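See structure below.
The values are calculated or read from the model by the stated rules, or taken from the named source; none is laboratory data. What you are looking at is a predicted structure, and each value in this text was computed from that prediction instead of being measured. Methodologically, a virtual Cβ is constructed for each residue, glycine included, from the backbone with ideal geometry; neighbour enumeration extends over all protein chains shown.
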Amino acid sequence: MPTLVPRLNHLAEWKQDLVIAFGTWVVGVLVYVSGMQVLLSGKDDTPLWIRLTELTVLCALEMLRRKVPLALLCALVVLAVDIAFGPSLPILVVFTDFLYATTLYGSRRTSRLMIGVAAIGTLGVVCLALVFSAQWRTAILAAFALLPFLVTPVWWAANVRQQRDIADSERANAVQLAKIGRLDRKAAVAGERSKMARDLHDVIAGHLSAIAIQSEAALSMSTADPKLSRKVLESVRENSVSALEEMRAMIGLLRADASTGNAEIEPTAPARLAELSKLVESARASGLEVEIGSVVDQSPALPAAVDLTAYRIAQEALTNAAKHAAGGRALLDIRAHGGILTVEVRNDLRPGSGSGDDGGTGLGLLNMRERAAAVGGTLTAGPSGGGWLVRAELPLEGS
């Protein structure tokens, strides 16, 4: 297909040049037959067959008008022969098309050269008219009569070429913009996929990890306390229901189609710090002793993005603490000061517990850092005072 397009364009150009050549030949023959070919005063004594031969050769060269500068040089030879017999109107008119084609289809350098040639040629025509004419007024009138045949085709072709170059530039810019648009869409899709993966990890991994830990704790009880067993099972059920609700809400958002008004699945409200008590109870049911230092007052509403981010970071940190420090102690502290919301989760490290990340995959810490960075904040995590500390600082303004 790519090789077929140039061939079709070449065929179309060939047909166009053939029409131009044939049309000019017919008009030229009519001019010669009617005797209107004389440019200067006097009678044309040149035999008609010579004039028609000149015209035929020059029109045949029209098939090469795009071969710059070969076509122009060949046309100059025919024009010189015509001037030798006495200049005639049809040959001069056809020659102007070669000036036009050379300026339009030649290289940029050739096009600029033709403009200079037209300027110099104009001055040369005036000088020659003054030299070979007895009356200067007649020479000036004759020169100005011949100037349109030299200046007009070059000027016209230069303007057409300029417009064509502008169109080509705009077309190239449009292609580049389309390419940039495709890259932007690709980057947006990649970003959305990354965001979906992070959300799925936070929603599913947190709840399922709590379920796994709590179920293992319930199974390991040799002498089960009915009240404790019930509490653990209630926490397992609550985590299961929460995971299903959040996953259902996410699927609903992905399937929602605003154009069709699809309201089959109503998304639930995102988790916020106001629901922190459920998160703490779930961690305690997993065997983790959670102590709450301070929790920010919810009376001045937090920005929604910061509220959700702080909740998810606390959820991930407590989940990791329950995994790696089961039966240990964790301290949760959330406070706001100086326009910064600080979330701290400090837990004990048991021997061989590792980095405190989720299963050693690194996704938990990575997701927490990405969430903090998304609202303009920072997150640090690492050993601290014999334990593990997760600290996030989230700006309350401009997030």
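The set of residues in the range 20-62 being surrounded by 15 or more Cβ atoms within 10 Å (Cβ to Cβ) and over 15 Å from residue 91 (Cβ atoms) consists of 20 alone. Flag: residue 104 does not match the condition of being closer than 25 Å to residue 36 by Cβ, out of contact with any strand residue (DSSP E or B) (no Cβ under 8 Å at 6 or more places or on another chain) and either of a type outside the set (Lys, Arg) or in contact (Cβ under 8 Å) with a residue 24 or more places away in the chain (or both).
Residues in the range 108-122 that are of a type outside the set (Val, Ile, Thr), over 40 Å from the mean Cα position of the chain (by Cα) and modelled with pLDDT of 80 or more: 116, 118.
Restricting the range 306-321 to residues that are more than 19 Å from residue 337 (Cβ to Cβ) and of a type in the set (Gly, Ala, Ser) leaves a set whose member that is modelled with the lowest pLDDT is 321. Among the residues here, residue 73 does not qualify as part of a helix (DSSP H, G or I) and under 16 Å from residue 151 (Cα atoms). Determine whether the range 26-36 contains at least one residue that is under 19 Å from residue 105 (Cβ atoms), touching a residue at least 60 places away in the same chain (Cβ under 8 Å), assigned by TED's automatic domain parsing to the domain that holds residue 100 and in a helix (DSSP H, G or I). Within the range 26-36, not a single residue is under 19 Å from residue 105 (Cβ atoms), touching a residue at least 60 places away in the same chain (Cβ under 8 Å), assigned by TED's automatic domain parsing to the domain that holds residue 100 and in a helix (DSSP H, G or I). Any residue at all in the range 156-170 that's under 28 Å from residue 88 (Cβ atoms), at pLDDT 70 or above and either in contact with a Lys or Arg (Cβ under 9 Å, 6 or more places away or on another chain) or crowded, with 16+ Cβ neighbours inside 10 Å (or both)? The answer is yes; a qualifying residue exists. Among residues of the range 272-292 that are at pLDDT 80 or above and of a type outside the set (A, V, I, L, M, F, W, C), those with a beta-carbon under 6 Å from a residue that is in a strand (DSSP E or B) and surrounded by fewer than 20 Cβ atoms within 10 Å (Cβ to Cβ) at least six positions away or on a different chain give the pairs 289/329; 291/331. Flag set for residue 94, criterion: in contact with a Gly (Cβ under 7 Å, 6 or more places away or on another chain), under 26 Å from residue 162 (Cα atoms) and part of a helix (DSSP H, G or I).
Filtering the range 340-380 to residues that are surrounded by fewer than 18 Cβ atoms within 10 Å (Cβ to Cβ), assigned to a loop (DSSP other than H, G, I, E, B) and modelled with pLDDT of 85 or more leaves only 376.
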